[in-house]
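Take a look at the structure set out below.
The values are calculated or read from the model by the stated rules, or taken from the named source; none is laboratory data. Because the structure is a prediction, the values reported are computed rather than measured. Every residue, glycine as well, gets a Cβ built from its backbone with ideal geometry; the counts of neighbours run over all protein chains shown.
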């Protein structure tokens, strides 16, 4: 089955397009490694990249069945795909992801650090255990993946930018519109944003490092459907980010040869609307 015939109704609903993105059918396949690539936004990114001619390594932590389903879907589109397991809290397991991807599919041209741990806490109940756990997953894993991708990228990439690789760190629009909710999670994303700049400086010219900051994209936690719909509209554009928006933005960043050390905010302007609390708490749950 061709890539163009593999786009299903679910993909059309989230806005995934199969239009070309600067790559002809005769070009060699590029490989992307997507962490947390089996569910929610990660699934949209995995399928979206495949629809544009990329081969995909779908990382998963606990979602083995979902990962295999995404792999089967991508293979049905005519692309190569593999599911790779790793506990992102384990440095040793994270350090194997790039080598395992290389062995199965080839060197990833892009590592997309989508996976993150999202837990509720505030300044009134923050503690070491949760903060350290979220730091390992949300910051430590992206750092190790950038390090291992840089090591695997050939030295020839210094002079030939077609060999250069890229890391995309998924951040959060709230870094530009701070509120005190989800404190430990927010601190990890702030650390990852600064790490994006530091990594871009340290790992150039072999490797580009960029950030992608979504707004409210999918219903989560105990949020009701009505609450999500109301929250999604609290933006200048009358809607926040959709999965398809993030796919298009990530595809652009993965191929933007002149972009590094900066973050693209894709949120419908949500970060322009100051709010005293997370939008989930201001729209009826």
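Please go through region 245-260 and give me each residue that is part of a helix (DSSP H, G or I), over 13 Å from the mean Cα position of the chain (by Cα) and either crowded, with 22+ Cβ neighbours inside 10 Å or modelled with pLDDT under 95 (or both), ordered by number.
Passing the criteria: none in range.
Looking at residue 33, is it in contact with a helix residue (DSSP H, G or I) (Cβ under 6 Å, 6 or more places away or on another chain) and crowded, with 24+ Cβ neighbours inside 10 Å?
Yes.
Restricting to region 119-134, name every residue that is under 17 Å from residue 86 (Cβ atoms) and touching a helix residue (DSSP H, G or I) at 6+ places or on another chain (Cβ under 8 Å).
134, the sole residue that qualifies.
So if I check each of 192, 183, which one is touching a helix residue (DSSP H, G or I) at 6+ places or on another chain (Cβ under 9 Å) and crowded, with 21+ Cβ neighbours inside 10 Å?
On inspection, the qualifying residue turns out to be 192.
Filter region 170-191 down to the residues that are part of a helix (DSSP H, G or I) and either in contact with a strand residue (DSSP E or B) (Cβ under 9 Å, 6 or more places away or on another chain) or without any contact (Cβ under 8 Å) to a residue 24 or more places away in the chain (or both), then identify the one that is farthest from residue 115 (Cα to Cα).
That would be 176.
Keeping to region 148-180, report how many residues are crowded, with 19+ Cβ neighbours inside 10 Å and farther than 20 Å from residue 252 by Cα.
Looking only at that region, the number is 4.
Determine, yes or no, whether residue 117 is within 21 Å of residue 43 (Cβ to Cβ) and at pLDDT below 95.
It is true that residue 117 is within 21 Å of residue 43 (Cβ to Cβ) and at pLDDT below 95.
Tell me whether region 201-216 contains one or more residues that are in contact with a helix residue (DSSP H, G or I) (Cβ under 6 Å, 6 or more places away or on another chain), part of a helix (DSSP H, G or I) and either at pLDDT 95 or above or under 21 Å from residue 242 (Cβ atoms) (or both).
yes
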